[in-house]
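The values are calculated or read from the model by the stated rules, or taken from the named source; none is laboratory data. Remember, it's a predicted structure, so these values are computed and weren't measured experimentally. Here Cβ is always computed from backbone atoms with ideal geometry, including for glycine, and neighbour counts include all displayed protein chains. What goes into the accessible areas is simple: the full protein's heavy atoms, side chains included, and nothing from ligands, DNA or RNA. Shrake-Rupley method; radii C 1.70, N 1.55, O 1.52, S 1.80 Å.
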Amino acid sequence: RHGLLSAHYAECAARQGKFWVFQDYLIDKQKYWEKLNDAKPTFELFAEWSQLDLKELKNCLEDKSVEEFISRNKAEGKILGVKSTPTYFINDKMFVGFDKLEVELKRLLNENNH
């Protein structure tokens with residue numbers, strides 16, 4: 001239920017060059033924030049931990065172009081069959097969830113070492 005809000009924060013973190021650090025908090029703490037009635041304070045905390053410029057973040061969160069960008073990406077994902085996050089693609093093959101991604105990455109690394 002907080003997917004759109006988390007996407008806004010993640011995109012705004014990306015625009016500050018801090019997507020990956022922010023994304024790590026989103027993924028690592030998802031079991032916590034997905035149950036909250038209001039995840040915004042938690043995302044604000046993740047933003048601080050990620051050392052985002054909070055004034056720039058506030059402006060970005062209010063920028064309508066961010067929502068348009070997210071909507072376009074969501075539509076593209078739907079066309080590709082994405083139904084949940086995280087979903088990853090490697091060599092045009094879809095992996096839902098980090099566990100499945102990790103298994104595939106280990107397999108590929110092992111394959112390339114032989």
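Here are some notes:
- Where [x] 6.2; [y] 8.1; [z] 7.2 are the candidate values, the label of the one calculated here for mean projected area of the Cα convex hull in nm² is [y].
- Here the range 36-112 has 53 percent of its accessible surface on carbon and sulfur atoms, given a 1.4 Å probe and all protein chains in place.
- Placing unit charges on each Cβ (+1 for Lys and Arg, -1 for Asp and Glu) gives the chain a dipole about its Cα centre, and among Phe19, Leu105, Tyr9 the Cα reaching farthest toward its positive end belongs to Leu105.
- Extension gain, Lys31-Glu62: 0.36 nm per intervening residue step, less the Cα-Cα distance, totals 8.5 nm.
- Trypsin sites (Lys or Arg not before Pro) lying in DSSP loop within the range 1-75, provided at most 11 other Cβ fall within 10 Å: Arg1, Lys35
- Acute angle (nearest 10 degrees) that the helix 64-80 long axis makes with the longest principal axis of the chain, alpha-carbon atoms: 20 degrees
- Helix 40-49 axis versus longest C-alpha principal axis of the chain: approximately 70°, rounded to the nearest ten.
- Within straight-line reach of Lys74, meaning a Cα separation under 15 Å, sit the following aspartates and glutamates at least 8 residues removed in sequence or on another chain: Glu11.
- Probe 1.4 Å, protein heavy atoms only - accessible area per residue of the chain in square angstrom: 73 Å²
- Check: the chain dipole with +1 on Lys, Arg Cβ and -1 on Asp, Glu Cβ, in debye: 320 debye
- Flagged links, alpha-carbon separation over 28 Å, of Lys58/Lys93; Lys40/Lys93; Lys31/Lys93: Lys58/Lys93; Lys40/Lys93
- Between helix 98-112 and the chain: long-axis angle, C-alpha atoms, 0 to 90°, nearest 10: 40 degrees
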